[in-house]
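The values are calculated or read from the model by the stated rules, or taken from the named source; none is laboratory data. Worth saying up front: this structure is predicted, and the values here are computed from it rather than measured. All Cβ positions, glycine included, derive from the backbone under ideal geometry; neighbour counts span all protein chains shown. Quick note on the areas: whole protein, heavy atoms, side chains included, nothing else; ligands and nucleic acids left out. Shrake-Rupley method; radii C 1.70, N 1.55, O 1.52, S 1.80 Å.
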Amino acid sequence: MGYIQKTLIAGETVLYRAHLHWVVLFGHMLIGGVAMMAGIALLIGTLVTTGRDLGSGGTAAVIGGVVLLAGGFAILMTGFLRRAATEIAVTNKRVLIKTGFFGRKTIEIFLSKIESVVVDETFMGRTLGFGTVTVRGTGGTPERFERVANPLEFRRQVQTQIEGTGSPTGTPVRTA
């Protein structure tokens, strides 16, 4: 059970779920993948050139290869964890956003207190379907969330609930 399900109040239902776009993984996949490939190449190259007699230089190369392989894997998993640890939802009463796994940041704004939802899409974001969403509550500071998948749909769902034209029975409207 995720954070959002645990924090629902009486009579509240999740109508829309959003998530971070896969593009948040790109840098992690690039750097982690290169490090892992370098580690594998170093390991294979060392074992091929030295055979089973590693010697002092071969041992260092094997350790370096293992470190590169493990480091690349850790970088890759960091990206997946970041994406999985972010929950974004619109309910019939609030907008809830939770980021972080070890440390947690939560934003919970009642629909009646939302002043605006701003979407900023770059050319690349518009092409691939992601953007930055800024939610501003009355009297509060704007909260920015980058690389949200399908940000226009998220804004539409919030606006639909604010206007009261959402699903009156609390039936889920849509999940992105």
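So that you can scan it fast, the table gives a plain yes or no per residue for (1) within 24 Å of Ile97 (Cα to Cα); (2) in a helix (DSSP H, G or I); (3) within 16 Å of the chain's Cα centre (by Cα):
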{"residue": "Ala10", "(1), (2), (3)": "yes, no, no"}
{"residue": "Leu15", "(1), (2), (3)": "yes, no, no"}
{"residue": "Met29", "(1), (2), (3)": "no, yes, yes"}
{"residue": "Ile40", "(1), (2), (3)": "no, yes, no"}
{"residue": "Leu69", "(1), (2), (3)": "no, yes, no"}
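Annotation: of all residues in region 110-145 being part of a strand (DSSP E or B) and farther than 23 Å from Thr7 by Cβ, the one that is farthest from the chain's Cα centre (by Cα) is Ser116.
Of all the criteria given as (1) assigned to a helix (DSSP H, G or I); (2) of a type in the set (Phe, Trp, Tyr); (3) out of contact with any strand residue (DSSP E or B) (no Cβ under 8 Å at 6 or more places or on another chain), the one not satisfied by Phe154 is (3). Within the set of pairs 6 or more residues apart or between chains, which connect a residue that is at pLDDT 95 or above inside region 61-81 to a residue that is of a type in the set (Val, Ile, Thr) with Cβ atoms less than 8 Å apart? Going by the 8 Å Cβ cut-off, the qualifying pairs are Leu69/Ile40; Gly72/Ile31; Gly72/Val34; Ile75/Ile31.
Selection over region 84-112 of residues that are touching a Lys or Arg at 6+ places or on another chain (Cβ under 9 Å) and either among the β-branched types (Val, Ile, Thr) or open to solvent by 70 Å² or more (accessible area, probe 1.4 Å) (or both) gives a count of 14.
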